[in-house]
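The values are calculated or read from the model by the stated rules, or taken from the named source; none is laboratory data. From a predicted model like this one, the values you see are computed outputs, not experimental measurements. Every residue, glycine as well, gets a Cβ built from its backbone with ideal geometry; the counts of neighbours run over all protein chains shown. We work out accessible area using only protein heavy atoms, side chains counted, and drop any ligands, DNA or RNA first. Shrake-Rupley method; radii C 1.70, N 1.55, O 1.52, S 1.80 Å.
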Amino acid sequence: MAKKNNTFLTDSDYCVRLIDLDTHVRGVTAVDENGFASVYINARQAQPAQYAAFLHELEHIKRDDFSAE
């Protein structure tokens, strides 16, 4: 995956889906070989927890935590 050189993300960088996950999982992100991130947020959590999980997952994307380097 190409390392992102800025901290700005657009909707062409990721998509977000609400899905039922185990109750202890707030969110998870998967990044494909092109650097596109799919963010999955637990639909079973309260809305404030979903928002916090979303922000947390975006930080992973911005920091390029998924790079093999």
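Taking all protein chains as they are arranged and a probe of 1.4 Å, the heavy atoms of Arg44 leave approximately 140 Å² accessible to solvent. The label point for Ala30 and the one for Glu59, both projected 7 Å from the Cα toward the Cβ, are 2.4 nm apart.
Note on Tyr40: accessible area approximately 60 square angstrom, rounded to 10, probe 1.4 Å, nucleic acids and ligands left out.
Computed on protein heavy atoms with a 1.4 Å probe, the accessible areas place His60, His24 in the order His24, His60, largest first.
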